[in-house]
Structures are given as C-alpha cells and as structure tokens.
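*Asks:* Structure in structure tokens, see below.
The values are calculated or read from the model by the stated rules, or taken from the named source; none is laboratory data. A quick note: this is a predicted structure, and the numbers were derived from the prediction, not measured. Counting neighbours? That spans all protein chains shown, and the Cβs are built from the backbone with ideal geometry, glycine included. Surface areas here come from the heavy atoms of the whole protein model, side chains and all, with no ligands, DNA or RNA. Shrake-Rupley method; radii C 1.70, N 1.55, O 1.52, S 1.80 Å.
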Amino acid sequence: GKREMEQLSLTLVSNIFQFCFDHNIELEQNSADILNFFDQIGQAGTLQQLKEIIGLFLTGIVRRLAAERERNKIVQFALDYIKENYRHNINLPMIAEQVNYSPSYLSFLFKQETGQNFVDYLNHYRIEQAKKLLRDTEAKNYEIAYQVGYQDEKYFYQIFKKYTGLTASQYRESFRLSKKNS
C-alpha cells in the first residue's frame, strides 16, 4: 500500500542523490530543500501526487545535467580554440566573446574542468609545441618563440625555463645528445 510506495520512493530518491554525488553532479538543493522534499514524499496522499513530486525532482536533475553538458561544450570549444590558434596572440576574453560568456565565468569554468587556469594551460600547450620544434627543426630559438605565439622572445625564454627547468638551448642540446648516444 501507501507505506511501501513511500519506502520505494525514498529508496529511489536516495539512490538518485547517491548517483549525483558519485558523479559530481551539483544538486542545487541544499539540505533544507532535501528534507522538505522527503517530507513531501511522506505527506503525499496519492500515487498521483507521489509521481508528481518525484517527476519534478527528476526534471530538475535532468535540467542540471543539460547545463553541465553545455558547460563542458564551452570548455571544449576553448580547448579546441587554443589548439587551432595558439600561434596567434590569443587570450581568454577573445574566446569568451565567441561563446557569449563573460571572461570571468569562462575562466571559472575552464579552471573547474581542466584544473588549470587559462594562461597556464595556454603556456603549457605552447611550450609543448616549442619542444617539438626544438627537437625536430633547425629553427632559431627566437623564431620558435614567434611560431608558438609569443610576441616577445624574452618572455618565451622565461616561460620555457619555468615550465621545463631548462633554457631552450639546453633543451635542444640535451635532446641532441640523447639522440647521438642512442
């Protein structure tokens, strides 16, 4: 009867909460809302009411999942944008404009999804590309700086050293040596 239905509903809902928790899905309900929700289930007089309460709850979750998907898409766009445009002078506000988000919100999402802030990620990506060029081409260090998107070679040398622990020349040298010896 009604008792079993309530039990089932509570179990179902608890499982949904657990699922959301395990998958880092933010439930906007705070604990007061949740208690209130369990109260509503307890007070539901009919199956129909029970269905409506749970239906509303699930709709809320689906909506949040959709929002989450949208956020992932935005960050993915930013990552692809970096891959395609890192050679140019790009920055976060430029990308934010493309996706119609405020730079501060995009910055927050980016950090949340990738664990890195935008500038760090961009520098990292550029330095990885520079390492390839140092290994595989004879281009001069300053040429490589421009090729990977740094307008200022001195800044490139600083960043390179910060991310690799070596100067660009040391990196190229160490790579040459290891090739010779293999």
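*Asks:* If you go through the stretch 156-182, how many residues are of a type outside the set (D, E, K, R) and out of contact with any helix residue (DSSP H, G or I) (no Cβ under 8 Å at 6 or more places or on another chain)?
*Replies:* Matching residues across the stretch 156-182 total 8.
*Asks:* Sticking with this structure for a sec: Identify, by number, the condition in (1) open to solvent by 80 Å² or more (accessible area, probe 1.4 Å); (2) in contact with a Leu (Cβ under 7 Å, 6 or more places away or on another chain) that TYR171 doesn't meet.
*Replies:* (1)
*Asks:* Among the numbered criteria (1) within 26 Å of ASN24 (Cα to Cα); (2) open to solvent by 30 Å² or more (accessible area, probe 1.4 Å); (3) part of a helix (DSSP H, G or I), which one does LYS179 miss?
*Replies:* Answer for LYS179: the failing condition is (1).
*Asks:* Look through PHE77, PHE38 and report the one residue that is at pLDDT 95 or above and either in contact with a strand residue (DSSP E or B) (Cβ under 7 Å, 6 or more places away or on another chain) or not in a loop (DSSP other than H, G, I, E, B) (or both).
*Replies:* Answer to the selection: PHE77.
*Asks:* Which residue is most open to solvent (accessible area, probe 1.4 Å), if the candidates are limited to the stretch 147-168 and must be touching a residue at least 40 places away in the same chain (Cβ under 8 Å) and under 14 Å from LEU133 (Cβ atoms)?
*Replies:* GLN147
*Asks:* Oh, and also: What are the pairs, 6+ residues apart or on separate chains, where a residue within the stretch 62-86 that is of a type in the set (Gly, Ala, Ser) has its Cβ under 7 Å from a residue that is assigned to a helix (DSSP H, G or I) and open to solvent by less than 60 Å² (accessible area, probe 1.4 Å)?
*Replies:* From residues that are of a type in the set (Gly, Ala, Ser), the pairs are ALA78/ILE95; ALA78/LEU106; ALA78/PHE110.
*Asks:* Looking at (1) open to solvent by 60 Å² or more (accessible area, probe 1.4 Å); (2) within 25 Å of PHE156 (Cα to Cα); (3) without any contact (Cβ under 8 Å) to a residue 60 or more places away in the chain; (4) not small (Gly, Ala, Ser), which one does GLN116 not meet, given that it meets all the others?
*Replies:* So the condition that GLN116 fails would be (1).
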